[in-house]
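Just so you know, all these numbers are worked out from the coordinates, no wet-lab data involved. Note that the structure is predicted; figures quoted are calculated from it, not measured. For neighbour counting, all protein chains shown are included, and Cβ atoms are generated from backbone atoms with ideal geometry for every residue, glycine included.
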Amino acid sequence: MAKQTRQVKGTNVVSHQGKGTSFEQHESFDDSLLPDATELAKLKELDPEIIHWIKARTEKEQDGRLDFNSRKMSILESGTKRSYRVDIYTISCAFVIIVLGMGFSCFLIDRGEKITGTVFAGATILLAANSFLNFRKVKNNQAKK
């Protein structure tokens, strides 16, 4: 029903840098829902009603493929939306923590604890910068996998 060919070539390569192997692979798949015309003619000789049956089965299979693709796309879209919401929530929480840390630092400085307040503010800024950099690094590593 469907045309399928597969060709694999392998060669050993030797160069001034060392030995290696080179592979070349060629695949050709014809994922046609209907058989070709010669097969249809042979099938029609056996049973004249088989063409209608093949058409009905082909329509059902095409509808199934379209339904599968639409469900797959909706799953991908919902996953992307969920990931976006988690990112926004994470960034919002980090912003709130930074603002609270800086506010507490201002409170300490206002109470006369200048060294403690300054150290706390510096630690808050360093922690926030590190968190944002690691957040992007983790997100990029997950995207590569």
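Quick look at the numbers
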item	result
Of the GluC sites (Glu not before Pro) in the stretch 42-145, those whose Cβ has at most 13 other Cβ within 10 Å and which sit in DSSP loop	GLU49
log₁₀ of I(q)/I(0) at q = 0.12, 0.17, 0.19, 0.21 Å⁻¹ - the stretch 4-144, Debye sum with one point per alpha carbon	-0.84, -1.04, -1.12, -1.20
Within the stretch 54-76: backbone nitrogen closer than 18 Å to the LYS44 label point (7 Å, Cα to C-beta)	54-59
Exposure proxy order (Cβ contacts within 10 Å, fewest to most) of MET73, MET102	MET73, MET102
Least to most buried among PHE104, PHE120 (fewest other Cβ within 10 Å first)	PHE104, PHE120
Long-range tail of P(r) for the stretch 39-118 (Cα pairs > 20 Å, %)	68
Difference of contour (0.36 nm per residue) and Cα-Cα distance, THR80 to CYS106	5.5 nm
Count of lysine pairs in the stretch 4-144 with Cα separation under 25 Å (8 or more residues apart, or interchain)	12
